[in-house]
1. Hey, what's the Cα Rg ratio for segment A:1-99 versus the globular rule of thumb, 2.2 N^0.38 Å?
2. To two decimal places, what compactness ratio does segment A:225-379 give when its Cα radius of gyration is scaled by 2.2 N^0.38 Å?
3. Hey, how many Å between the Cα centroid of segment A:185-216 and the Cα centroid of segment A:322-365?
4. Considering only DSSP beta bridges whose two residues both sit in chain A, what percent are antiparallel, to the nearest 5?
5. Tell me, A:Leu197, A:Leu54 in order of fewest to most beta-carbon neighbours within 10 Å?
6. Quick one: what are the phi-derived ³J(HN,Hα) couplings along segment A:91-105, Karplus 6.51/-1.76/1.60 with θ = phi - 60°, whole Hz, x for glycine and proline?
7. When a/c reaches 1.5 or more, the comparison of a/b and b/c decides; with that in mind, is segment A:239-289 rounded, prolate or oblate per its Cα gyration tensor?
8. Report relative contact order for chain A in percent, whole number only (criteria: Cα-Cα under 8 Å, sequence separation at least 6).
Amino acid sequence: MADKLTTFFEDFLEKNSLFTNKKALQSSFIPDEIRHRDEQINAVANILAPGLRLERPSNLFLYGKTGTGKTLVVRHTAKNMMEVAEERGIPLKIFYLNCKLKKIADTEYRLIAELARYLGKAIPPTGLPTDEVYNIFFQALDKEQQVVIFILDEIDQLVKKAGDEIIYNLTRINSELKHAQVGIIGISNDLIFSNNLDPRVKSSLSEEELVFPPYNALQLQNILQRRCNLAFERGLLEEGVIAKCAAYAAREHGDARRALELIRVAGELAERAGDQKVTITHLDAAEEKIERDRFLDVVEHQPKQFQAVLYAIIATSKDRASYSTGEIYNNYKELCIKIGLRPLTQRRVSDIIAELDMLGLINAKVISKGRFGRTKEIMLSLPTSLIPKITNLLREGLSL
DNA sequence: AGGTATTCACATGAAACTATTCTCTGAGTTAGG
DNA sequence: TAACTCAGAGAATAGTTTCATGTGAATACCTGT
C-alpha cells in the first residue's frame with residue numbers, strides 16, 4: 001500500500017500540471033490590469049486622491065452585484081495609492097476589512113476592535129466595555145497627523161447584524177479628531193440596502209456613490225481570456241470553453257467570480273482525469289460539481305439543531321410536495337426524543353426554517369389557508385440526486 | 001346574494017434569560033529584604 | 001513590602017425562551033330582498 005501511495009505521489013509530481021499559475025483564477029488575485037472598469041477606477045482614484053494631500057477624502061459608497069469587480073477596483077486603487085504615499089512619506093493608511101467574516105467584524109465591538117488592531121493596539125476579543133475599546137481606537141487614531149481610509153466590504157452584513165449607528169458614529173468621528181482624518185469606503189452587494197439606511201447615515205456615508213454594472217458576456221469573455229492566459233498553458237482550452245463559461249456567468253447576473261471558479265474547477269477536473277485539454281464536458285461537470293459541493297458543504301456545517309430540523313423535513317417529505325410548520329415541528333419533536341436531543345420551541349424552529357430557506361436548502365413561503373390558519377408552505381429544494389447523500393450526512397451528524 | 005365578523009395556525013417582534021468566554025480589580029498570600 | 005494568585009464583578013456574544021401582538025383569507029353569521 002505504502003509503495004502504491006509513493007508511486008502515486010511520484011506520478012503526481014511527474015505529471016505536468018495543466019495549470020501554470022492557478023492563483024490567477026482565485027478570487028483573491030489582483031491582476032495588474034483591470035479590464036472594463038476604467039471609469040470606476042478613475043472615479044475611485046479621483047475621490048481618494050485628496051488623501052495624498054492630507055485632506056479628508058469624501059466618503060464613498062460602492063454598490064453592485066457580486067462579482068462585478070467592486071472589491072478588486074478598490075483594492076487595486078488603494079494599492080497604487082499606498083505605493084505613492086510610501087514613496088513620498090505621506091502619512092496615509094488604508095485598511096481593508098471584510099465585515100462578513102464571522103468572529104472578526106460582524107458586531108460593533110468587533111469592528112472597532114479590529115480597526116484598532118490595524119492601528120497597532122491589541123484588543124482582547126471580549127471582556128472590555130465597548131466604550132473603552134472605542135476610546136482606545138480613538139486615541140490611537142488621533143495620536144498623529146494622518147489620513148486613514150477604512151474600506152468596509154460587505155457593509156450590508158454588518159448593518160444587518162449590528163444596526164447602522166456604528167456607521168453613523170464612524171462618519172461623525174472626524175469632527176472630534178484633532179490630528180487625523182478618516183475616510184470611509186463602504187461596499188455593498190445589496191442594491192436596495194442603502195434605501196433601508198437611516199437617511200442621516202446614508203447621506204454621510206454616500207457623499208459619493210458609484211454603481212458597478214454587471215459585466216456582459218463579451219466583457220466576461222475578455223476577462224476570462226486574460227486570466228486563462230495567465231493560468232493555463234496556451235492552447236489547453238478547447239475552442240468555445242471560454243465563450244460558454246462567459247455565457248453561463250452572464251446568465252447569472254454577470255458574476256465574474258463564478259466564471260473564474262467555474263473554469264478553475266473545470267481545469268482541476270480535467271487534470272484529475274489526466275486529460276490533456278479542458279473541454280466543454282469538463283465545464284459542464286464543473287458546473288454540477290460546484291453546485292453539489294455547495295449543498296453538501298452547507299449541510300455538513302450546520303449546527304445540530306438545524307440538521308435535525310432539516311432531517312425532519314426530508315423524512316417528512318415523502319408523499320406530498322409541501323408541508324406546514326406544524327407538521328414539521330411535530331416530526332422534529334419526535335426525532336429529538338428519539339435521538340435524545342432537547343427539542344426547541346416552535347418559535348425557534350420557525351426561525352430555523354426561515355434560515356434554511358435563506359440557505360436555499362428548502363423553500364418556505366408564507367401562505368394563508370383562510371379559516372385554516374396561516375403557515376409556511378415548506379418544501380425541499382435539494383436536487384433529488386443529492387438527497388440520499390445528504391440524508392446519510394445528516395444521519396452521521398445526528399448519530400442516528 | 002352580499003356584506004361583515006370570526007377564527008385558525010401560525011408568523012413576526014421584542015425582551016429577557018442562559019451559558020460561555022474573556023478582562024480587570026482588589027483582597028489575600030507568599031517570599032524576600 | 002513587592003510580587004503573585006485567585007475569586008468575583010462585569011462585558012460581549014450566541015442561542016434560546018417567554019410573552020405579546022399581528023395577519024390573510026376561508027368560513028360562519030347576518031341582513032335585507
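1. Numbers: Rg = 20.6 Å, N = 99, 2.2 N^0.38 = 12.6 Å.
That works out to 1.64 for segment A:1-99.
2. Rg over 2.2 N^0.38 Å, computed on Cα atoms: 1.43.
3. Spelled out, the Cα-based centre of one part sits 35 Å from the other.
4. Numbers: 10 of 34 bridges.
Bridges in chain A that DSSP calls antiparallel: roughly 30 percent.
5. Working: A:Leu197 22, A:Leu54 14.
Ordered by Cβ neighbours within 10 Å, fewest first: A:Leu54, A:Leu197.
6. Whole-Hz 3J(HN,Hα) from phi for segment A:91-105: x, 10, 10, 10, 10, 10, 9, 9, 6, 7, 4, 5, 6, 10, 8.
7. Working: a/c = 2.44, a/b = 1.81, b/c = 1.35.
Prolate shape, in that a/c is at least 1.5 and a/b is the bigger ratio.
8. On the way: 549 pairs, mean separation 65.7, N = 400.
Worked out over chain A, it gives 16 percent.
Readers should treat all values here as calculations from the given coordinates under stated rules, not as data from a laboratory. Remember, predicted model here, so these are calculated numbers, not experimental data. Every residue, glycine among them, receives a Cβ derived from its backbone with ideal geometry; neighbour counts consider all protein chains shown.
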